[in-house]
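The values are calculated or read from the model by the stated rules, or taken from the named source; none is laboratory data. Note that the structure is a prediction, hence the values are computed from the model and not measured. All Cβ positions, even for glycine, are placed from backbone atoms using ideal geometry, and neighbour counts span all protein chains on display. Accessible surface is based on the protein model in full, side chains and every heavy atom, while ligands, DNA and RNA are left aside. Shrake-Rupley method; radii C 1.70, N 1.55, O 1.52, S 1.80 Å.
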Amino acid sequence: MRSLTVGEPPADVPSPSAAPVARDVFRRAWTELEREIRECTRCPLHANRTNAVIYRGSDAPRLVFVGEAPGATEDREGVPFVGRSGKRLDSAIVEMGLRAEEFGVLNLVKCRPPRNVFVRSAAATCAPYLDRQLALLRPTILVPLGAEALRSLDPEAPRILLAAGRPRRRDGRQVFPLIHPAASLRSRALAERWQADVRALGVWLSRPSDPSAREPL
Ligand code: URA
């Protein structure tokens, strides 16, 4: 099998606007990418991980939620957003009526940072993995969860409390930021903000002339 090098998407992985990736090409490239991430030693975070945390969801999602970095539960289980924040995110997904084949969940950083303090240099090192995941998954909508995810996906966006709850465009994709679900657990005001923005995302997703809806592969 051909080896994929970090930072250099293979020629057969197209940009989001290009033709769908054939399923067998997708499977091979995804399996190789997962192997590389699991074996990655490119930044110090690898030293303390139990599991690299890569992805959960559809292999042809319309929408991908992008979090920051795994917490303790995610590190233990090797799956993104399965702790307290994940429960809040899952409730929102149910409320919006998203079907399993429509969405995916991942993080900027694949290994848990010590004390759950986000490490920007780790996000920069991990960025080629995120780029390759998105090139294979080809979502038309990205939902950055929190300030760090928004900064990475749309560096020109205003700060998260100004940007959350409405759609933007970036690099041929629609970007609909939300505050981080963990932030929504911190105060009543942020819980209400989360609820309002989730409702706005649900309404936006179900608008009749959604140009981002695409045929399943
Ligand atoms: N917070 C995140 O940003 N990602 C997770 O996977 C869990 C908590």
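Which order do the peptides 39-49, 129-139 take when ranked by the mean count of other beta-carbon atoms within 10 Å per residue, highest first?
Numbers: 39-49: 14.4, 129-139: 21.3.
Highest mean packing first, the order is 129-139, 39-49.
Set the Förster radius R0 to 45 Å, insert the Cβ-Cβ distance between L162 and E34 as r into 1/(1 + (r/R0)^6), and round the FRET efficiency to 0.05. Mind dumping the intermediate values first?
Numbers: r = 36 Å, r/R0 = 0.79.
It comes to 0.80.
Would you mind getting me the FRET efficiency between D131 and T73? Use the beta-carbon distance for r and R0 = 35 Å, nearest 0.05.
On the way: r = 26 Å, r/R0 = 0.75.
Plugging the Cβ-Cβ distance into 1/(1 + (r/R0)^6) gives 0.85.
Just going by the charge dipole of the chain, with Lys and Arg at +1 and Asp and Glu at -1 on Cβ, which of T50, V82, S184 is farthest out on the positive end?
Farthest towards the positive pole: S184.
From the helices alone, meaning DSSP H stretches of at least four residues, give me the mean residue ellipticity at 222 nm for the chain, per-run term -39500 (n - 2.57), in deg cm²/dmol to the nearest 500.
Working: 7 runs with 82 residues, N = 217.
Helix-only estimate at 222 nm: -11500 deg cm²/dmol.
Averaged per residue, what accessible surface does the chain expose to a 1.4 Å probe, in Å²?
On the way: 10640 Å² over 217 residues.
For the chain, the per-residue accessible area is 49 Å².
To the nearest 20 Debye, how big is the dipole of the chain about its Cα centre, given +1 on the beta carbon of each Lys and Arg and -1 on that of each Asp and Glu?
For the chain, the charge dipole is close to 500 debye.
Against the 2.2 N^0.38 Å scaling, with N counting residues, where does the stretch 68-203 land? I'd like the Cα-based Rg ratio to two decimal places.
Working: Rg = 14.1 Å, N = 136, 2.2 N^0.38 = 14.2 Å.
Cα Rg divided by the expected 2.2 N^0.38 Å: 0.99.
Could you work out how far apart the two model spin labels at T41 and A124 are, taking each label as a point 7 Å from the Cα in the direction of the beta carbon, and quote it in nm?
Taking the two extended label points, one gets 2.3 nm.
State the percentage of accessible surface on the chain attributable to carbon and sulfur atoms; use a 1.4 Å probe and exclude ligands, DNA and RNA.
The value for the chain is 52 percent carbon and sulfur by accessible area.
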